[in-house]
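S.K.: Mind having a look at this structure? Questions to follow.
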Amino acid sequence: MIDGLMRFAARRRLRRLRALASAPAAAQERVRSSLVRRARDTELGRELGFDRVRSYADFCSAVPLGGYAA
C-alpha cells in the first residue's frame with residue numbers, strides 16, 4: 001500500500017519536473033512572481049515597491065544591484 005502511494009507521488013512529481021524543464025523561462029517567471037507577491041507586505045517589499053512589480057523589467061527597475069556587503 002505505502003509502496004504504491006510512494007510510486008504514485010514520485011511519478012506525479014516527475015511529470016511536474018519534466019513540465020517545468022520543458023519551459024524553464026515560464027517556470028522562472030512563475031517563481032519570481034510568486035516570491036514578489038509573497039514579499040509585497042514585508043518591510044523590504046514596501047520599500048522597493050513590490051506592489052507595482054508586474055514583470056521582470058519592473059523587478060529589475062525596483063531592485064538595485066548589490067553584493068553581499070550592500
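S.K.: What number of residues within the range 20-44 are farther than 12 Å from Ser55 by Cα and in contact with a helix residue (DSSP H, G or I) (Cβ under 7 Å, 6 or more places away or on another chain)?
M.R.: Residues that pass the stated criteria total 4.
S.K.: Report, by residue number, each residue of the range 53-70 that is of a type in the set (Val, Ile, Thr) and either modelled with pLDDT of 95 or more or in contact with a Gly (Cβ under 9 Å, 6 or more places away or on another chain) (or both). Please lay out each step first, then the result.
M.R.: Initially, the range 53-70 is screened for residues of a type in the set (Val, Ile, Thr), giving 53, 63.
Val53 - this is the single residue of the range 53-70 that is of a type in the set (Val, Ile, Thr) and either modelled with pLDDT of 95 or more or in contact with a Gly (Cβ under 9 Å, 6 or more places away or on another chain) (or both).
S.K.: Also, I was wondering about something else. Filter the range 1-48 for residues that are not polar (S, T, N, Q) and not in a helix (DSSP H, G or I); which is farthest from Ala62 (Cα to Cα)?
M.R.: Taking the range 1-48 and keeping what is not polar (S, T, N, Q), we get 1-21, 23-27, 29-32, 35-41, 43-48.
Checking the rest, the ones that are also not in a helix (DSSP H, G or I) come to 1, 23, 40-41.
Working: Met1: 50, Ala23: 26, Arg40: 12, Asp41: 15 Å.
If we take residues in the range 1-48 being not polar (S, T, N, Q) and not in a helix (DSSP H, G or I), then Met1 is farthest from Ala62 (Cα to Cα).
S.K.: Among the candidates Ala27, Ala10, Ala57, Ala21, which residue alone is under 13 Å from the mean Cα position of the chain (by Cα) and open to solvent by less than 90 Å² (accessible area, probe 1.4 Å)? Talk me through it step by step, then tell me what you get.
M.R.: Working: Ala10 fails: under 13 Å from the mean Cα position of the chain (by Cα); Ala57 fails: under 13 Å from the mean Cα position of the chain (by Cα); Ala21 fails: under 13 Å from the mean Cα position of the chain (by Cα).
Only one candidate qualifies: Ala27.
The values are calculated or read from the model by the stated rules, or taken from the named source; none is laboratory data. Predicted model, so just to flag it, every value in this text is computed and none were measured. Every residue, glycine as well, gets a Cβ built from its backbone with ideal geometry; the counts of neighbours run over all protein chains shown. Calculation scope for accessible area: heavy atoms of the full protein, side chains included, ligands and nucleic acids excluded. Shrake-Rupley method; radii C 1.70, N 1.55, O 1.52, S 1.80 Å.
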